[in-house]
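First up is the structure itself, then whatever we jot down about it.
The values are calculated or read from the model by the stated rules, or taken from the named source; none is laboratory data. Not measured: the values here are computed from a predicted model. Quick reminder, even Gly has a Cβ in these numbers, built from the backbone with ideal geometry, and neighbours come from all protein chains shown. Note: accessible area is taken over every heavy atom of the protein model, side chains too, but ligands, DNA and RNA are not part of it. Shrake-Rupley method; radii C 1.70, N 1.55, O 1.52, S 1.80 Å.
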Amino acid sequence: MKIKLLTCAIIVTACLAALAKDPVLMKINGKNVTLSEFEYLYNKNGQQQVQKESLDDYVNRFVNYKLKVADAEAARIDTSAAFQAEFNGYKADIVKNYLVDTTVNVRLEHEAYDRMKSNVDVDHIMLPRGRDKAEDDAIVARLDSIKRCAENGEDWGELAKKFSIDPSVKNNNGHYGYIAAGMFPYKWEYAAFSTPVGKISNPVATDFGNHLIRVNARRDDPGQVLVEHILLLFPRGANDSAKAVVKTRIDSIYTALKNGADFEKTARALSQDRGTAKNGGKLPWFGVNRMVPQFEKTAFALNDGEISKPFETAYGYHIVKKLEHKGVPTFDEAKKTIDAMIQQDERSTMARDAKLEQVEKQYKFNYDGAAFRKYLTNELNKHGHYDSTFVASVLAKSKYPIFSYADGKKKVLASVLASKVNPKAQFVSNAAAAGYIDSQVKPYADNEIFQYYIDNLINDNQSYRNLLNEYRDGMLLFEISNRKVWQAASNDTTGLKNYFEANRSKYTWDKPHFRGIIVSAQNDSVANAVKADIAMLGEKNDTLTEALHHKYGQKIRMQRMFFAQGENELVDYVVFHGPAPADKKYPVSFLLPGQGEVYSQPRDVADVKGQVTSDYQDVLENQWEKGLKAKYKVEINKAVLKQVKPL
C-alpha cells in the first residue's frame, strides 16, 4: 500500500491546516478526506458496535472503504443517469431538514399542549378586513376605539351588537363562554390564551376579520366525555303548549328508562336525532364548547353510567346517558393531533420563516423597501400610470438593484420583477402601483436566497456535507461491490466450480440430503392411479411430470425438493421414514420413481452453491482490495489523526 508519512514540507502544510476548523486527515487518490468526515463515520460506527474497534483498525477499514469509492469514481458510476437520479432524489429529501428551524416546531408543540390544559371564558367583537392597507389601518383604529370604550365601562354586549359582524352576536351578545384549544385560528387562539384575565387583547387580524377578545376567566380543562342521548324535537315555531306536549312524551321515556328500559334500544326507536339514533344515540367524544351550553353542562356534570333528567335546549328535550370521561391527554398522546393542527394553519410555515430569517442574516440580506417604492413612484410619474407598457419598457429594463446578499456580492435588479407582476392590474394611484410591485420583492427574494443557501449548504454546513457524502459513497460502494464481487461471483460459473473442486474438503454435511420430486395426492385412489400411469409411461419419460399435471391437475401436487434430513417434514416422511405431516388436502405422498436420490456429501458446486458463492466472494474481495492498494495512492496525516475525538 502506498501509505506513507508526508514529507517535511507537507507536514508543515498539514500542521497549518490543522489549525483550520476542518483540516485534511487523508488523501485517497488525490481526494481530500476531512477530519470532520472521518470523525462522523468513526463515531457513528462506534455507536453501532457492541465491541469497540481500535482507531488503527478502523483507519484500515476506512481506507479500504474509500479506495473502493475511488474505484467506483474511476469507473464513472457517479456520472450515470441512474445514479444521479437516485442521489438527487435523496439530496432533495434530506435538504428539507435544513430548510426549517426545528426548534420552532418543538416550541409550537409545547405551546399548543400547554393551552390544552386550560379553558378561557371570552367575549368577542369582529370587524371586517380592509381591502388595502389604508382601509385595514382605519378598521384597526376603530377597534382600538371600541376597546377604549369597553375599558371605560361601556357594556360589551351593546358594543358587540352595534359593531360586530360576527353572525353569532345576535344569539350570544359577543360572549363565547369557555373555549378550548384547537377551536379557533392560531392568532386568535394565541391572543385569547395569552391575554390576562380581566383584560382586552390588542386587535388581532385573521383571514376572517379583525378581532377584539376580552378574557373573563380561566379554568382547568375538564377533558372529554362520551355520551348517548335521546332527543325529541320541538315543532317549528313551537309555543309553550306545543313544548308541553313534547315534555310529556320525554317524561314518559325517562320513566321507562328509570324502570329498566334499555337506553340504546329506546334511542333507536324514539330519538329524533337521525344522525345518532341508528347508533343507539351515541355521540363522538366531545370537549368544551362543542355542544350547546345546557347540553355540555349536563353531560359533564353526570357520573359515568348516570342518566340525566329531561332538559331543554333550543332544539327540543334531551335525555343524556354518560358512558365515560377522560382527562387531558399526555403530551405524547396529543402530539400527533397537535402536529396535524400545526400543519393546517399559519404555524406550518413558521419553522421555515424562522430559518429564512437566519439565512438572511447569515448572507447579510439588504433591502430598502421605502427607497424602492420611491424609485417606482418616480418612474411611474414619468411614464404616466401603471400599465403593460410600463412593465415592458421600464420595469423589464430597470437596472435598479432591489436587494443584495452574500455580503453584497449578489445584487438583484428590478427587471426580474417584470415576469412576476400582472401588467393589466389597475390602481387608484401610482403610489398604490408601486406598493403592488414592491409586494412581489419578498417572495422572490425568499426563493432566491433559499436556493443560494441550498446550493452552498454542502460547503457551509458540516453535518449536511457529512450526511450527503456518506449516502453518496454508500451508493457508489454498493454498485462497485456488486460489479466486482457479488454479481461477479454469481456469474462466474467456472470460477465457482474450480473453487469448489480446490476446496472440496471445506464443504461437508452432518446429515444426508435428498434431491428429487415428491408427489402428493388427495387420496389413495388418486395416488394408485398416478402410480399406474407412471408404470405405463415409464419413470424416465421426459414428459412424465407434464403428462401427470395435465391429467390430474389439482388432484395432485408435485414438488422438486432439496433438503437435509430434519429440514422438511414431507422429505423426512417420504424419504427418511419419519412421521406423516398433517396435510388435509394432500394426505398421500410418495417419491416419484427415478426422480430422486439420497447422498451423504455434496457432489458438485450446485449442492452447496450458497456457501461456495459466499466464500468465493471473499476471495474476489480480497484480490480486489490488494489491487486497489497498489492502484491508488493513500496519504495519511498522522498529526491530524491524533486530533480524532471518539465519543
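Before moving on, here are some points about what is shown:
- Qualifying residue in segment 600-622 (condition: among the β-branched types (Val, Ile, Thr) and more than 30 Å from Leu477 (Cα to Cα)): no
- Inside segment 555-578, residues that are surrounded by 17 or more Cβ atoms within 10 Å (Cβ to Cβ) and assigned to a loop (DSSP other than H, G, I, E, B) make up a count of 3.
- Candidate set from segment 404-451 (those that are open to solvent by 50 Å² or more (accessible area, probe 1.4 Å) and charged (D, E, K, R)); member that is nearest to Lys382 (Cα to Cα): Lys424
- Residues (over 27 Å from Asn172 (Cβ atoms), open to solvent by 30 Å² or more (accessible area, probe 1.4 Å) and part of a loop (DSSP other than H, G, I, E, B)) located in segment 269-320: Lys278, Asn279, Asn303, Asp304, Gly305, Glu306
- Count - residues of segment 55-88 that are over 19 Å from Asn466 (Cβ atoms), open to solvent by less than 50 Å² (accessible area, probe 1.4 Å) and free of Cβ contacts under 8 Å to residues at least 60 places away in the same chain: 1
- The set of residues from segment 452-472 being part of a helix (DSSP H, G or I), in contact (Cβ under 8 Å) with a residue 24 or more places away in the chain and open to solvent by less than 60 Å² (accessible area, probe 1.4 Å) comprises Tyr452, Tyr453, Ile454, Leu457, Tyr464, Arg465, Asn466, Leu467, Leu468, Asn469, Glu470, Arg472.
- The residues listed here are Asp220, Asp262; of these, the one that is within 30 Å of Asp123 (Cβ to Cβ) and under 53 Å from the mean Cα position of the chain (by Cα) is Asp220.
- Matching option when the condition is touching a strand residue (DSSP E or B) at 6+ places or on another chain (Cβ under 8 Å), among the hydroxyl-bearing types (Ser, Thr, Tyr), open to solvent by 30 Å² or more (accessible area, probe 1.4 Å) and under 30 Å from Asp114 (Cβ atoms), among Tyr176, Tyr254: Tyr176
- A residue that is surrounded by 15 or more Cβ atoms within 10 Å (Cβ to Cβ), in a loop (DSSP other than H, G, I, E, B) and modelled with pLDDT of 95 or more occurs somewhere in segment 365-384.
- Given (1) closer than 30 Å to Leu496 by Cβ; (2) open to solvent by 20 Å² or more (accessible area, probe 1.4 Å), number of the condition Lys551 does not satisfy: (1)
- Residue in segment 139-146 that is at pLDDT 95 or above, within 30 Å of Ala314 (Cα to Cα) and touching a Gly at 6+ places or on another chain (Cβ under 7 Å) present: no
- Options Val227, Val215: the member that is in contact (Cβ under 8 Å) with a residue 60 or more places away in the chain and within 22 Å of Pro329 (Cβ to Cβ): Val227
- Matching residues, segment 212-232, being under 20 Å from Arg115 (Cβ atoms), out of contact with any helix residue (DSSP H, G or I) (no Cβ under 8 Å at 6 or more places or on another chain) and in a strand (DSSP E or B): Asn216, Ala217, Arg218, Arg219, Asp220, Gln224
- Positions within segment 509-537 being under 50 Å from the mean Cα position of the chain (by Cα) and either surrounded by fewer than 16 Cβ atoms within 10 Å (Cβ to Cβ) or in a helix (DSSP H, G or I) (or both), in sequence order: Trp509
- Flag for Lys399 being open to solvent by 60 Å² or more (accessible area, probe 1.4 Å), farther than 30 Å from Asp460 by Cα and modelled with pLDDT of 95 or more: yes
- Filter result for the condition that a residue is assigned to a helix (DSSP H, G or I) and either in contact (Cβ under 8 Å) with a residue 60 or more places away in the chain or under 38 Å from the mean Cα position of the chain (by Cα) (or both), over Asp166, Asp123, Asp144, Asp136: Asp136
- Put simply, of Ala192, Ala181 the only residue that is open to solvent by less than 40 Å² (accessible area, probe 1.4 Å) and modelled with pLDDT under 95 is Ala181.
- Of all residues making up segment 16-27, the number that are at pLDDT below 95 and either part of a helix (DSSP H, G or I) or in contact with a Phe, Trp or Tyr (Cβ under 7 Å, 6 or more places away or on another chain) (or both): 3
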